[in-house]
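**Student:** Structure below; questions to follow.
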Amino acid sequence: MRIYLGFDDTDDKDAPIGTGRLVRNFVYGLDSDYQLIGVIRHQLPKLSEIPFTSNNSSACAIIDVNPDMSLEHIKKLAIEHIEAHCAPGSDPGLCIARESEVGDEIVEFAKIVTGKQVTQKDAMKAAHSVELFGLGGTNDGIIGATAAIGLTKFGWCGRFIEYGKLRDLSTPLHVQDLNNVGIEVVSTDRDPLVPLPQDLIQNAIWIRPSLWAGKPILQVMHIEQGIWEPAHGKRKKNHSFKPQPVSPSTTAPYSAG
């Protein structure tokens with residue numbers, strides 16, 4: 001059975017780690033009952049009316065478990081991890097669902113979140129069939145947490161920040177090396193060629209495949225015959241001021257679903 005755990009708004013402008021790192025640290029600590037498939041970072045809009053700390057992203061962990069296993073234990077672990085490691089000024093949210101429970105309503109909500117401001121009420125309505133938790137501050141993180149599982153189920157956006165042996169890949173790197181760990185390589189050129197197994201991928205220091213058609217896909221650009229380069233590189237972190245609302249919707253943890 002495959003499950004999704006969506007996390008959002010666990011940091012503030014002074015936090016040493018962002019939500020993506022917090023989620024990665026969480027999955028690293030899981031025991032063998034939980035098989036990690038990957039962690040996906042999802043971009044949310046950078047609009048003036050939406051407070052955010054750096055790049056306004058949420059994250060979804062994809063994990064396989066025994067079909068008979070209860071979600072109570074991993075829910076407890078995730079909540080404890082957030083409460084122990086989230087920043088004091090954050091507004092964390094957590095959304096947990098079996099993949100089969102993430103229906104069209106959540107997916108459509110998640111798409112809308114990437115284009116405009118929505119409310120906690122909208123998130124709770126979309127997530128009525130799954131488990132959703134606000135864990136501090138204004139609890140605004142429930143919006144991005146719900147969006148994270150919906151966008152993951154949608155399968156056509158986001159990028160993998162963890163996937164199998166992704167971070168253990170060494171250079172020089174060839175297309176076949178990525179294929180061997182389950183990552184497909186696709187050209188983004190206007191007149192694309194097909195990256196062949198023996199082709200070299202140069203400057204492959206930062207490999208973060210996109211989520212396309214529900215699979216990890218590395219986008220590359222053609223440099224010369226038999227040589228490619230990742231189409232996207234790492235950007236510098238740029239914190240933005242996160243205003244504190246005068247009247248938060250709630251100041252105590254709550255759950256919905």
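Values in this text are rule-based calculations from the coordinates and carry no lab data. Quantities reported herein were computed from a predicted structural model and do not represent experimental measurements. Please note: Cβ atoms are built from the backbone with ideal geometry, for glycine as well, and neighbour counts cover all protein chains shown.
**Student:** Hey, got a sec? Which trypsin sites (Lys or Arg not before Pro) in the stretch 99-139 land in a DSSP loop and have at most 12 other Cβ atoms within 10 Å?
**Tutor:** 116
**Student:** Return one number: the angle in degrees, 0 to 90 and rounded to the nearest 10, between the long axis of the Cα atoms of helix 19-28 and the longest principal axis of the Cα atoms of the chain.
**Tutor:** Taking the Cα atoms of the chain, the angle to 19-28 is about 80 degrees.
**Student:** Which entry in (1) 0.97; (2) 0.99; (3) 0.93 matches Rg/Rh (Cα atoms, Kirkwood Rh) derived from the coordinates of this structure?
**Tutor:** (2)
**Student:** Also: Compute from the Cα atoms of the stretch 146-239 the Rg and the Dmax, the latter being the longest Cα-Cα distance, and quote both in angstrom.
**Tutor:** 13.6, 43
**Student:** Per DSSP H run of at least 4 residues, take -39500 (n - 2.57); add these up for the chain, divide by its residues and hand me the 222 nm value, nearest 500 deg cm²/dmol.
**Tutor:** -7000 deg cm²/dmol
**Student:** Given +1 on the Cβ of Lys and Arg, -1 on the Cβ of Asp and Glu, and no further charges, what dipole in debye does the stretch 1-147 carry about its Cα centre, rounded to the nearest 20?
**Tutor:** 380
**Student:** Based on Cα coordinates alone, diagonalise the gyration tensor for the stretch 1-135, multiply each eigenvalue by 5, take square roots, and list the semi-axes in whole Å, largest first.
**Tutor:** 23, 19, 12
**Student:** Among 78, 173, 89, whose Cα projects farthest towards the positive end of the dipole of the stretch 71-189, with charges put on the beta-carbon of Lys, Arg (+1) and Asp, Glu (-1)?
**Tutor:** Sorting the options by dipole projection puts first 89.
**Student:** Could I ask something else about it? Any of 76/153; 76/121; 76/125; 75/125; 165/234; 76/234 with alpha carbons more than 27 Å apart? Name them for me.
**Tutor:** Distance filter (> 27 Å) returns 76/234.
**Student:** Which of 221, 205, 187 sits farthest toward the positive end of the charge dipole of the stretch 170-225, with +1 on the Cβ of Lys and Arg and -1 on the Cβ of Asp and Glu?
**Tutor:** The residue sitting most towards the positive pole is 205.
**Student:** For the chain, give the magnitude of the charge dipole about the Cα centre (Cβ charges: +1 Lys/Arg, -1 Asp/Glu; no others), in debye to the nearest 20.
**Tutor:** 600
**Student:** Another question, if that's okay. Defining a contact as two alpha carbons under 8 Å apart and six or more residues distant in sequence, what relative contact order in percent does the chain show?
**Tutor:** 24 percent.
**Student:** Still on this structure, I have one more. Please figure out what share of the DSSP beta bridges in the chain is antiparallel and state it in percent, rounded to the nearest 5.
**Tutor:** If I count the DSSP bridges inside the chain, around 85 percent turn out antiparallel.
**Student:** Report the longest stretch of the chain that contains none of the chymotrypsin sites (Phe, Trp or Tyr not before Pro) sitting in a DSSP loop with at most 12 other Cβ atoms within 10 Å.
**Tutor:** Counting at most 12 other Cβ atoms within 10 Å as exposed, the longest clean stretch of the chain is 1-155.
**Student:** So if I place +1 on the C-beta of Lys and Arg and -1 on the C-beta of Asp and Glu, and nothing else carries charge, what would the dipole magnitude of the stretch 71-190 be about its Cα centre? I want it in debye, nearest 20.
**Tutor:** The calculation lands at about 180 debye.
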